[in-house]
1. So which residues in region B:22-56 are of a type in the set (A, V, I, L, M) and modelled with pLDDT under 90, if there are any at all?
2. If a residue has to be hydrophobic (A, V, I, L, M, F, W, C), under 26 Å from A:Tyr87 (Cα atoms) and open to solvent by 30 Å² or more (accessible area, probe 1.4 Å) to count, how many in region B:32-88 make the cut?
3. If a residue counts only when it is within 30 Å of B:Ser86 (Cα to Cα) and at the interface with chain B (Cβ under 10 Å from one of its Cβ atoms), which strands (runs of 3 or more DSSP E) contained entirely in chain A have at least 3 such residues?
4. Can you tell me which of B:Lys22, B:Lys41 is farther than 17 Å from A:His45 by Cβ and in a loop (DSSP other than H, G, I, E, B)?
5. Need the failing condition index for B:Lys18 against (1) open to solvent by 20 Å² or more (accessible area, probe 1.4 Å); (2) free of Cβ contacts under 8 Å to residues at least 40 places away in the same chain; (3) farther than 25 Å from B:Ile102 by Cα, just the number.
6. Quick check on my filter: what residues within region A:7-25 are among the hydroxyl-bearing types (Ser, Thr, Tyr) and in contact with a Gly (Cβ under 7 Å, 6 or more places away or on another chain)?
7. What do you reckon, is B:Thr114 open to solvent by 50 Å² or more (accessible area, probe 1.4 Å), part of a strand (DSSP E or B) and within 12 Å of chain A (Cβ to nearest Cβ)?
Amino acid sequence: SQQGEEDPQALSIQEGENATMNCSYKTSINNLQWYRQNSGRGLVHLILIRSNEREKHSGRLRVTLDTSKKSSSLLITASRAADTASYFCATGKETSGSRLTFGEGTQLTVNP
Amino acid sequence: ETGVTQTPRHLVMGMTNKKSLKCEQHLGHNAMYWYKQSAKKPLELMFVYNFKEQTENNSVPSRFSPECPNSSHLFLHLHTLQPEDSALYLCASSQVGSAGGINGYTFGSGTRLTVV
């Protein structure tokens, strides 16, 4: 089964607005992680939330996890043009060793 | 610089060529990974190495051959590739704890491969 499906596929907002991206997954997880990728570059780890956590903050980022609904959301507050990138969620499972399974990503465009 | 260095950044090769991609991590991590990223597709895990031992080969064609001589270096040897193998190849590393556990990955900038 495919893990980590992001929604929406693309999101365009104005600078200063908040951006919310969602991720759904199908099987039980150990943790869920969010990554950012600028065009043609590698992914950058943003935040990790464990299965026994419900919410986590890092700077302008807020991540929530609802294991009963198998979903997570990433909120970026007061967005900036530099936040323009693709955002991926990735899930890790106890039974899968150290591997992560990535979704297809949300392309966020922040217009100045 | 993330601590994971990939070379070359770009590679164009013919279908009969043999080339190698190199990845080096300076973070002291004990696990390394190769992922393939094609347009409009999720990242595809290719190979996993934990403590220099290959622990996963995700049904990758034999024209891709990984090598991990030590915990800091990872290679992907390429031969007789097809045009559909053109993609961004990403290397990543992570620290796996003694009790297992899944931590964040550090990715390199990738090698953009074009097979002609």
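1. Selection gives B:Ala39 alone.
2. 1
3. By residue number, A:31-37, A:43-50, A:85-92, A:100-102.
4. None of the other options fit; the residue is B:Lys41.
5. So the condition that B:Lys18 fails would be (2).
6. If the condition is that a residue be among the hydroxyl-bearing types (Ser, Thr, Tyr) and in contact with a Gly (Cβ under 7 Å, 6 or more places away or on another chain), then A:Tyr25 is the only one that fits.
7. no
The values are calculated or read from the model by the stated rules, or taken from the named source; none is laboratory data. Quick caveat: nothing in here was measured; it's all calculated off a predicted structure. Note that each Cβ is placed from the backbone with ideal geometry, even for glycine, and that neighbours are counted across all protein chains shown. The accessibility values were calculated without ligands, DNA or RNA, using every heavy atom of the protein model including side chains. Shrake-Rupley method; radii C 1.70, N 1.55, O 1.52, S 1.80 Å.
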